[in-house]
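Rule-based calculations on the coordinates, nothing more; no lab input. The structure presented is a predicted model; accordingly, all values stated were derived computationally and were not measured.
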Amino acid sequence: MATRKAAFPFEESLAKLEGLVEKMEAGELSLEDSLKTFEEGVKLTRECQQALVQAEQKVKVLIESQEGMAEQAFDLDD
């Protein structure tokens with residue numbers, strides 16, 4: 001039996017990303033802190049994009065199911 005990862009805290013990550021953008025737009029960070037903040041923002045963006053792709057694929061599987069709205073497991077590794 002495959003183990004499932006914990007649910008991605010999408011909304012929390014999005015809110016954190018918005019906070020990082022606000023900090024950078026304020027222009028009060030040092031160059032080093034700006035780079036660290038940017039790096040963290042890129043990581044959060046990628047994680048959020050991946051969560052959205054997975055959600056979209058799950059919706060497609062549900063819609064295209066010939067058995068009505070039966071949910072099917074979706075594994076990106078396949």
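Points to keep in mind about this one:
- With 0.36 nm allotted per residue and the present C-alpha distance subtracted, the E28-F10 stretch has 3.7 nm of extension available.
- In the range 14-58, the alpha-carbon atoms span a convex hull of 49 Å³ per residue.
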